[in-house]
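Q: Before anything else, here's the structure in question.
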Amino acid sequence: MPATWHETARELHLHNGQVSLVLGLLDNGWLGQLHVGAPLDPGASHRHLGPVDFRGFSNRVDEPIGLVLPVPGVGDFRVPALVIESPDGSTVLDLVYVGHRVMAGKPAIEGLPSTYVEEASEATTVEIDLADGVAGLRATVTLTIFEDRPIIARSMRLTNTGTGRLVVRTSMSASVDLPSGPWELLAFSGAWARERHPHRAAILPGRRSVGSLRGATGHQQDPSLFLLRPGTDEVHGEGFALSLVYSGNFLGEVESGPRGSTRARIGLHPDGFAWTLEPGDTFTTPEAILAWSDAGVGGLSDALHALYRDRLARGTWRDRPRPVLLNSWEGVYFDFDHARLIEMARASADLGIELFVLDDGWFGERDTDTTSLGDWTVNRRKLSGGLAPLAAEIEGLGLSFGLWIEPEMVSARSRLFEAHPDWAIGVPGRPRTESRQQLVLDLSRPEVVDHLEAAIAEVLAGASISYVKWDMNRNITEPYAGALPPDRQGEFFHRYMLGTYELWRRLTTRFPAILWESCAGGGGRFDPGMLAYAPQAWTSDDTDAIERLAIQWGASHVYPLSMMGAHVSAVPNHQVGRVTPLATRAAVAFFGVFGYELDPRRLSELERAEIRAQVAFYQKHREVFQRGRFLRLRSPLGSDDAAWMVVSSDRTEAIVAHVRILERPVQPPDRLQLRGLDPLRTYRVERFPRADRPASSLVVARGGDELIGVGLALEPDDAGAGHQRGDFSARIWVLTAS
Ligand code: GLA
């Protein structure tokens, strides 16, 4: 069993040869953290790594041993993981170890998304009970170590075992005290249309946090932190990832203490949060994922990609090849009718596209974004026959049909709002702030969830719908739960998420054959929580290829390509006005779940030929794009060029992309060192042919050892002859082991 209890040393060791977590019982009954990270010998005691007692604090010892569950007010003045207000108003806790249970497998977390196993042998779970008799609290920390992954999942269940009321003020999913030495923080931050840019910096004394108080994880910060030893690069060096399986308000924080300790914590954001536990009540936190690697940032990404793709995403479409889609949004926005959509679908079919997605504008009286959210009945003026004949006709053209919805929202101009104004979130007696002319429905109310389930289910059952894009285009203001008493308003944001997850659960369970894609104005709720319900997500509303380099580069630190929707759109680009070659737009979008978002009726004959070749190319290599190992080679951030690659699991096939962002005169000879290949094999290196070049002229053979150790020639390119010219130009190579 990868969980070993040493009775004499009173030490619990979770181990699998890839990561270790060692906990030790202190003399006062508290549970200390002795070690986390590098795999250690499970047969040996590691007691000496930490003191046997807590040591209290003094001017010399201000950072006592880390606890599994640090609490305030007892001599550890660093950030706590748990703050409970007792019936007497105090927040002091004396949490002593009561016992633990070890079990094969991994239990689900009721009501919340989480990673899972398919066989009990894939993981071992330890539940550790800590208790405070005075407060009447039991805290059960659940730790799951996966058999073949450098990963430990953690969550916590709180139970009021006393007779008075407890209020949970802070309840982190995970708190980790890192091994000694300096650490750097790599976080993924941005804004709408500029999501997930990586930012890395030393952790200075004090605290640095990322988080959200928006009611969604947000475009601004990803709920994942990477903690890296200085000097760690893509391939070398030690690092931890902490990632939260949640989609609402969150906090990820690191604290560097005066004596150089580093504590990281992640979980529900404590600001504005307060959860009441009456006697007998329980509260469960979301799950946090801890990954460790000594193979650099890339090692952390490998671990997260595999876990999230195979054991967080689920359902029919988890392992299935995802269809190449055409989304109507940037092509026609709200301006369509049945005939126009059919023309678009016909033109899409001619390009080889497999799925036609009707985006916003098909319901109520929705001709602009000022109206009709909440009225999920077809707009008869645009679609006189309804959705069923539209879907049937599109299927008749050889495409499947997909639809956009935004269930959590309501327009003030809608029948739903007229009927149920109290269902929109707001504080009674205060005006509601609109954003994109819309309000948010109070999904903390069960009757709202019931209504939405029925309304959306009716749409989905009424036509042949193979795919759904579930959007969420604004954040929550004036947070208030009309159905909760005043002293429980601190529960609102989390209850909103629980209601939203419940709606996702019901609809994805009722319609298991549908391919679900999550979206929030692009990447505004692009997080591990959503991935548990929808195996793919719209990465960003920014479809410009050059902007997408940075966005997809950043997102790829945490998320697999099978999650990242990436579309080729028209130029000048609608978000930034940039003009890039069609080949470059595809070269970037290939590295994701590929599609188009333009009006296919407005393409030249040459463009149509090029797109046909792009679609066929992606279809041919779909398996490696969607399920291969993704490796970052050259960062686009602050650089004139960028490169990345995917490799099949058996290393016989790889696809490499290089984008020249800005052309410079007199380029020096340049070689791109590849990774993940088999050094002992010879690869046929072939440029993805352009419409204007014969494919046969672009092939050479190179050893894997040379491609790794010396590199693939870029300038001049010996599998393409000639220099890469021009701003925003891209090249793609296919490597096949012979
Ligand atoms: C959001 C989405 C877009 C599109 C529009 C429709 O912005 O991110 O892809 O669906 O809404 O209103």
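The values are calculated or read from the model by the stated rules, or taken from the named source; none is laboratory data. Bear in mind that the values here come from a model prediction, so they are computed numbers and not experimental data. Don't worry about glycine lacking a Cβ; one is built from the backbone with ideal geometry, like all the others, and counts go over all protein chains shown. The protein model used for the area step is the full one, side chains on, heavy atoms only, and it has no ligands, DNA or RNA in it. Shrake-Rupley method; radii C 1.70, N 1.55, O 1.52, S 1.80 Å.
Q: Could you figure out which of (1) in a helix (DSSP H, G or I); (2) in contact (Cβ under 8 Å) with a residue 40 or more places away in the chain; (3) not hydrophobic (A, V, I, L, M, F, W, C) isn't true of PRO321?
A: Failed condition: (1).
Q: So SER90 fits all but one of (1) exposed (fewer than 15 other Cβ atoms within 10 Å of the Cβ); (2) under 35 Å from the mean Cα position of the chain (by Cα); (3) among the small types (Gly, Ala, Ser); what number is the exception?
A: Of everything listed in (1) exposed (fewer than 15 other Cβ atoms within 10 Å of the Cβ); (2) under 35 Å from the mean Cα position of the chain (by Cα); (3) among the small types (Gly, Ala, Ser), SER90 misses just condition (2).
Q: Kindly indicate whether any position in region 466-473 is within 16 Å of the ligand (Cβ to nearest atom) and assigned to a helix (DSSP H, G or I).
A: no
Q: Can you tell me which condition SER247 does not meet? The list is (1) touching a helix residue (DSSP H, G or I) at 6+ places or on another chain (Cβ under 8 Å); (2) of a type in the set (Ser, Thr, Tyr); (3) farther than 24 Å from SER556 by Cβ, and all the others hold.
A: (3)
Q: Say we look at region 95-106 and pick out the residues that are free of Cβ contacts under 8 Å to residues at least 60 places away in the same chain and outside any strand (DSSP E or B); which of these is nearest to THR144 (Cα to Cα)?
A: LYS106
Q: Something else about it: Please go through region 428-454 and pick out each residue that is open to solvent by less than 40 Å² (accessible area, probe 1.4 Å) and touching a residue at least 40 places away in the same chain (Cβ under 8 Å).
A: Passing the criteria: GLN438, VAL440, LEU441, ASP442, LEU443, SER444, ARG445, VAL448, VAL449, LEU452, GLU453.
Q: Residue check, GLU607 against (1) closer than 20 Å to GLU354 by Cα; (2) touching a residue at least 60 places away in the same chain (Cβ under 8 Å); (3) out of contact with any strand residue (DSSP E or B) (no Cβ under 9 Å at 6 or more places or on another chain), all met but one. Which one?
A: If we test GLU607 against (1) closer than 20 Å to GLU354 by Cα; (2) touching a residue at least 60 places away in the same chain (Cβ under 8 Å); (3) out of contact with any strand residue (DSSP E or B) (no Cβ under 9 Å at 6 or more places or on another chain), just (2) comes out false.
Q: Based on this model, can you work out whether GLY529 counts as more than 16 Å from the ligand (Cβ to nearest atom) and buried (at least 24 other Cβ atoms within 10 Å of the Cβ)?
A: Here the answer is yes, as GLY529 does meet what is asked.
Q: Which condition number in (1) buried (at least 20 other Cβ atoms within 10 Å of the Cβ); (2) of a type outside the set (S, T, N, Q); (3) under 26 Å from TRP30 (Cα atoms) is the one that ARG138 fails?
A: All conditions are met except number (1).
Q: Continuing with the same structure: Restricted to region 181-204, and to residues that are assigned to a loop (DSSP other than H, G, I, E, B) and open to solvent by 50 Å² or more (accessible area, probe 1.4 Å), which residue is farthest from PRO258 (Cα to Cα)?
A: Among residues in region 181-204 that are assigned to a loop (DSSP other than H, G, I, E, B) and open to solvent by 50 Å² or more (accessible area, probe 1.4 Å), the one farthest from PRO258 (Cα to Cα) is TRP192.
Q: Could you check, for region 577-584, whether at least one of its residues is part of a strand (DSSP E or B) and more than 25 Å from the chain's Cα centre (by Cα)?
A: Scanning region 577-584 turns up no residue that is part of a strand (DSSP E or B) and more than 25 Å from the chain's Cα centre (by Cα).
Q: Does any residue of region 205-221 turn out to be free of Cβ contacts under 8 Å to residues at least 24 places away in the same chain and either of a type in the set (A, V, I, L, M, F, W, C) or crowded, with 18+ Cβ neighbours inside 10 Å (or both)?
A: no
Q: State all residues of region 317-329 that are farther than 20 Å from ARG510 by Cα, more than 16 Å from the ligand (Cβ to nearest atom) and out of contact with any helix residue (DSSP H, G or I) (no Cβ under 9 Å at 6 or more places or on another chain); if no residue qualifies, say none.
A: PRO323
Q: What is the residue count in region 604-639 for residues that are open to solvent by less than 50 Å² (accessible area, probe 1.4 Å), part of a helix (DSSP H, G or I) and not charged (D, E, K, R)?
A: Looking only at that region, the number is 10.
Q: On the given criteria, is LEU69 open to solvent by less than 20 Å² (accessible area, probe 1.4 Å), touching a strand residue (DSSP E or B) at 6+ places or on another chain (Cβ under 9 Å), assigned to a strand (DSSP E or B) and under 30 Å from ASN160 (Cβ atoms)?
A: Considered against the rule, which asks whether it is open to solvent by less than 20 Å² (accessible area, probe 1.4 Å), touching a strand residue (DSSP E or B) at 6+ places or on another chain (Cβ under 9 Å), assigned to a strand (DSSP E or B) and under 30 Å from ASN160 (Cβ atoms), LEU69 comes out as no.
Per-residue answers, yes or no, for (1) more than 26 Å from LEU606 (Cβ to Cβ); (2) among the hydrophobic types (A, V, I, L, M, F, W, C); (3) modelled with pLDDT of 60 or more; (4) open to solvent by 30 Å² or more (accessible area, probe 1.4 Å):
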position	(1), (2), (3), (4)
SER696	no, no, no, yes
ALA701	yes, yes, yes, yes
LEU707	yes, yes, yes, no
GLY722	no, no, no, yes
ASP727	no, no, yes, yes
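Q: A further question follows. GLU715 is checked against (1) farther than 19 Å from GLY298 by Cβ; (2) modelled with pLDDT of 95 or more; (3) acidic (Asp, Glu) and fails just one. What number does that condition carry?
A: Going through the list (1) farther than 19 Å from GLY298 by Cβ; (2) modelled with pLDDT of 95 or more; (3) acidic (Asp, Glu), GLU715 breaks only (2).
Q: Restricting the search to region 368-405, which residues are within 12 Å of the ligand (Cβ to nearest atom) and open to solvent by 20 Å² or more (accessible area, probe 1.4 Å)?
A: If the condition is that a residue be within 12 Å of the ligand (Cβ to nearest atom) and open to solvent by 20 Å² or more (accessible area, probe 1.4 Å), then THR368, ASP369, THR370 are the ones that fit.
Q: Only one of LEU460, LEU503 is closer than 28 Å to ALA191 by Cα and either more than 23 Å from the chain's Cα centre (by Cα) or part of a helix (DSSP H, G or I) (or both); which?
A: When all the criteria are applied, what remains is LEU503.
Q: Would you check which residues across region 212-244 are in contact with a helix residue (DSSP H, G or I) (Cβ under 9 Å, 6 or more places away or on another chain), assigned to a loop (DSSP other than H, G, I, E, B) and among the polar types (S, T, N, Q) and list them?
A: THR217, THR232, listed by residue number.
Here's the yes/no breakdown for (1) within 16 Å of the ligand (Cβ to nearest atom); (2) in a loop (DSSP other than H, G, I, E, B); (3) within 24 Å of TRP553 (Cα to Cα); (4) open to solvent by 50 Å² or more (accessible area, probe 1.4 Å):
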| residue | (1), (2), (3), (4) |
| --- | --- |
| LEU304 | no, no, yes, no |
| LEU307 | no, no, yes, no |
| GLY315 | no, yes, no, yes |
| GLY331 | yes, no, no, no |
| PHE336 | yes, yes, no, no |
| MET344 | yes, no, no, no |
| ALA347 | no, no, no, no |
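Q: Looking at ALA483, ALA566, ALA550, ALA534 in this structure, which one is within 20 Å of ARG311 (Cα to Cα), of a type outside the set (Val, Ile, Thr) and either within 16 Å of the ligand (Cβ to nearest atom) or not in a strand (DSSP E or B) (or both)?
A: ALA534
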